[in-house]
Amino acid sequence: MGIRLRSLVILLGIIFVSSSSSVYADEVVVEVDDLNVRSGAGLHFEEIMQVEKGQEFSILKEQDEWVQIEADGKKGWIAKWLTKAKEGSNTVIVNTGTLNVRGYADTESEIVGSFHRGDTVKYISQKDDWYQVETTSGQEGWIAGWLVKEAEAESTSKEGGVVKNATEDGITAERIQLLYNHTNLRSSPSTKSRVVGTENEGETLQVVEKQGDWFKVKYKGSYAFVADWIVLEKESNSDQADGNLNGKNILIDAGHGGRDSGAIGVSGAFEKDYTLKTALALKEVLESNGANVQMTRKSNIYLPLFLRSYFSNSSSADVFLSLHYNSTPQNTAARGINTYYFHERDQNLATYVQRNMIEATNFQDRGIKHGNFHVIRENHKPSLLLELGFLSDLDEEHIIEQEEYHSRVSQGIAEGLIAYFQN
């Protein structure tokens, strides 16, 4: 009887704890300057660091009037009454021509429905980089998170300031241009916060949102803050213009193949396999935007260079794209994406594609360059050779290994092509 009673007490305790657990927002925004982060949930705990007004954090745990966060790699507790909840709308906007809804959170899963560019979709839940949604026919399924953008709700602080997403009407600039050399980019919107990098006059950065007198921008695969009094706001240049690729013929060339392995990554993987994986992902994204897509190879076969340019010249392709990955074993710190063109006529095409790849991936921008490569030199069609990242850098190759990267860079290429054809 004693054992049964203890078991019942434990069970009731579990039920009580489960049913009384707090419901709280996924993220909070700090509302005061120099907010202390403490080692525990209470004023008597040690101060371990400080965070600044406007910084946003995901909530790890909640206890009484305290929330646990992680900042600069350290976990700690902050006073809930000095923050505000950042409430999302649980809504995403489709950012590709046709977005497939799949039965499971996997690109190989069965297609159960679709949405189209500009559609606003409520999601039920989120798993990794996928959103669970319901189609117009009531069928539940999953959509790829890298092919949508989240429609964030506006959130107002107690002082009345409004934080808006940079792509909404409330913010006129989607890019900013730095006015001075050695401009500091910081970890949070405060002149007291840590400097994460410096850039020079004329550098342009993509805006994520405006927080008070600071712009939150994309920077080297992450985010940084720059003061609005040292930048020039630039209106959107519509590089990611609305539209599609209906009727356009695109020829994709997956570099290397067969006995030609190309570069070898730090992991031992071959460039030829990465280029084919990207080519297949790009094919799906381009076709979802209405393009007719051909490929020089769809499997691990060897093709000499002259055949690749021959295929292009004898095709009806509007654009030829040769996909590659970079490697510099003598300089393993080299990272980023760059685009090569040979004919001057293709410089604008290179600019559009490069810019949109960088925006889609947040990889380092190595720019566009003139390149004397056979497949673009001997090509009569608009043609580019894309170097999509460095296999000689351990961290960068780890990103390239992931399916999400191939989808993201493919989306960037597609947006670049859309901008090119519309301009």
For region 244-256, what does the Karplus curve 6.51 cos²θ - 1.76 cosθ + 1.60, with θ = phi - 60°, yield as ³J(HN,Hα) per residue in whole Hz, taken in order and with x for Gly and Pro?
8, 10, 3, x, 7, 9, 10, 9, 9, 10, 6, x, 6
By its C-alpha gyration tensor, with a ≥ b ≥ c as the square roots of the eigenvalues, how is region 26-86 shaped: rounded for a/c under 1.5, else prolate for a/b larger than b/c, else oblate?
rounded
Fewest-first ranking of LEU303, LEU282, using other Cβ atoms within 10 Å as the exposure measure
LEU303, LEU282
Between the alpha carbon centres of region 42-78 and region 352-367 the gap in Å comes to 34 Å
Please give me, ordered by residue number, the GluC sites (Glu not before Pro) of region 83-144 that lie in loop per DSSP and have at most 12 other Cβ atoms within 10 Å.
GLU108, GLU110
Take the cross-link list LYS272/LYS369; LYS53/LYS127; LYS74/LYS192; LYS122/LYS210; LYS127/LYS272 and give me the ones stretching past 28 Å between alpha-carbons.
LYS53/LYS127; LYS127/LYS272
Pick out, in residue order, every one of the chymotrypsin sites (Phe, Trp or Tyr not before Pro) in region 286-349 that is DSSP loop and has at most 13 other C-beta atoms within 10 Å; say none if there are none.
TYR302
As a footprinting exposure proxy, order HIS343, HIS116 by other Cβ within 10 Å, with the fewest listed first.
HIS116, HIS343
Those lysines that a straight Cα-Cα span of less than 16 Å connects to LYS248, excepting residues fewer than 8 apart in one chain
LYS283, LYS381
Lys and Arg at +1, Asp and Glu at -1: add these up for the other residues within a Cβ distance under 12 Å of THR328 and post the number.
-1
To make sure I understand, if each residue's beta carbon is the centre and we count other beta carbons within 10 Å, what order do LEU391, LEU60 fall in, fewest to most?
LEU60, LEU391
Which trypsin sites (Lys or Arg not before Pro) from region 171-219 combine a DSSP loop assignment with at most 15 other Cβ atoms within 10 Å?
LYS192, ARG194
Return the sequence-ordered ³J(HN,Hα) values of region 176-188 in whole Hz as given by the Karplus equation 6.51 cos²θ - 1.76 cosθ + 1.60 applied to θ = phi - 60°, using x for Gly and Pro.
10, 10, 6, 9, 9, 5, 6, 6, 7, 10, 10, 6, 8
If each K or R counts +1 and each D or E counts -1, the residues other than ALA269 whose Cβ falls under 13 Å of its Cβ total -3
Determine Rg/Rh for region 233-363; Rg is computed over alpha-carbon atoms and Rh is the Kirkwood hydrodynamic estimate from the same atoms.
0.97
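Each value in this text was obtained by applying a stated rule to the coordinates, not by laboratory testing. None of the values given here were measured: they were computed from a predicted structure. Glycine also receives a Cβ, built like all others from the backbone with ideal geometry; neighbour counts cover every protein chain displayed.
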